[in-house]
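Trainee: Starting off with a structure, shown below.
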Amino acid sequence: MSVSHPFLKQLKFHVLELCQHDGEIGDSNPKLQPFCKALEDILCDGLKGSGSTKTDVGQGRLVIRCCLNRGLLSKCVRLLRADRSLLLTYYEEDSIIGDEIMSELFVSLLIPLETSAKFILNLRACSFLDETWELPCMRRYELVPCEKIGLNILAVLGRLIVTEVESGSVADEDMKIEPGDILDDLFGESLREATVGKTVRLLNDFKGAPIYLSVVKCLYPNGSFYRASFPYLDAAELDKSTILAWREKRQQEIRGLNKEFCFEPESQGENDVTEAVEENSEQTQSGLYKCKVLGYVNVGSVGTVEYIESGVNSVVQNCPEHEKQDVLVELGETDVTIYNAKDPDVILLQHSYPEISSCGRRTDYPLNFSYIAGNTSCNYARTFFCYVFEAKSGEQAKTILKTIADGFDRTHWAV
């Protein structure tokens, strides 16, 4: 056959483009997908039985990505060429790989990539390689133990797609999961070709344990759709405009909460200097905060942030000044511990972060901060109590609340 082939010319063009790129080559590089497609065209040229399953195509694409990351692509082709009988088992003799001259030209085009380009491709987000070279935005989550995640899912075309997210659920927090997202694996088990019943079984098998979940997002962060998700959205009868409207609505809700509740940086003028100095003096050398505890109140079977307002009001209104007790608040890596200020060896309260369902304060009581905790892990608790404290300053209350909120992903906070 001729020593010229359009596939090789196309590959040469893309190789030169990548070799001229400064720095590492990642999945976001726009020149990567055309190069991979040209490479795939050559490897599939003359391949016997090329009408094989999609799974074989996806595995082949993953092998290409692995070889690019490790600089082994030319070596793999050379190994295949070295065993002529093995090569002709899979390739036609007049293919690019099967022809000795053309395959040597092919290898010569690959060598510069191993010396001039460094690839850092994601080898885990490979679920859709069966269908496209375009990689999705994939998220991996470790969710706290809970009785239900808060998702309605539907099995379509061999995948599990989210049709609805329950407001206020673990899945809804920070818009972790949205309608149209596709569940990729659960507890390390692939959900490809899985039934809804399999997810129920896995959740029951691992009940009480953290939930490990991988999700293929149907939307990129910039709001554009992952095109490979279109067949699944259509099969599930999910309207794209409805999905975009849902995201916009949730983003507005979150922005509203942040404006109303989040800790905003405050400028320090002359009137603020004294408070800042006093604030620093209210933390001991051991990192304990000097505060007062006012008491606690039962808020019922739900411990969400909405109950902070009524809980704080109830305790503050019913706690005279002389009943306030001096305490030391320790914010540890795994829990919140309250010590008796007069006898630090005495622990008055201790709650792990998974037991804390929310924390915050009222705007009309800036010194009083509180948190709500259950009698066990917050997702299994049946009774919740709101514990109310008094800080030495508003800044101290903010610092303590933010530290509690950062302590565990399940914790909600408000100011």
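Trainee: Taking the criterion of being over 17 Å from the mean Cα position of the chain (by Cα), part of a strand (DSSP E or B) and over 30 Å from SER358 (Cα atoms), would at least one residue in the range 113-124 satisfy it?
Mentor: Yes, the range 113-124 contains a residue that is over 17 Å from the mean Cα position of the chain (by Cα), part of a strand (DSSP E or B) and over 30 Å from SER358 (Cα atoms).
Trainee: Among the residues of the range 181-217, write down those that are among the acidic types (Asp, Glu) and either in a strand (DSSP E or B) or surrounded by 19 or more Cβ atoms within 10 Å (Cβ to Cβ) (or both).
Mentor: Passing the criteria: ASP181, ASP184, ASP185, GLU189.
Trainee: Identify, by number, the condition in (1) at pLDDT 85 or above; (2) closer than 27 Å to ARG140 by Cα that LEU367 doesn't meet.
Mentor: Result: LEU367 fails condition (2) only.
A quick yes/no check of all residues on (1) in contact with a Gly (Cβ under 9 Å, 6 or more places away or on another chain); (2) crowded, with 17+ Cβ neighbours inside 10 Å; (3) in a strand (DSSP E or B):
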site: MET138; (1), (2), (3): no, yes, yes
site: GLU142; (1), (2), (3): no, no, yes
site: CYS146; (1), (2), (3): no, yes, no
site: ILE149; (1), (2), (3): no, yes, no
site: ILE153; (1), (2), (3): no, yes, yes
site: ILE161; (1), (2), (3): yes, yes, yes
site: GLY168; (1), (2), (3): yes, no, no
site: ALA171; (1), (2), (3): yes, yes, no
site: GLU178; (1), (2), (3): no, yes, no
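Trainee: So is LEU62 closer than 17 Å to CYS126 by Cβ and at pLDDT 90 or above or not?
Mentor: No.
Trainee: Can you give me the number of residues within the range 61-97 that are touching a Phe, Trp or Tyr at 6+ places or on another chain (Cβ under 7 Å) and under 20 Å from SER108 (Cβ atoms)?
Mentor: The number of residues fulfilling the criteria is 4.
Trainee: Please go through the range 348-380 and pick out each residue that is of a type in the set (Phe, Trp, Tyr) and over 20 Å from GLU330 (Cβ atoms).
Mentor: TYR365, TYR380
The values are calculated or read from the model by the stated rules, or taken from the named source; none is laboratory data. Not measured: the values here are computed from a predicted model. Heads up, the Cβs are rebuilt from the backbone with ideal geometry, glycines too, and the neighbour counts pull from every protein chain shown.
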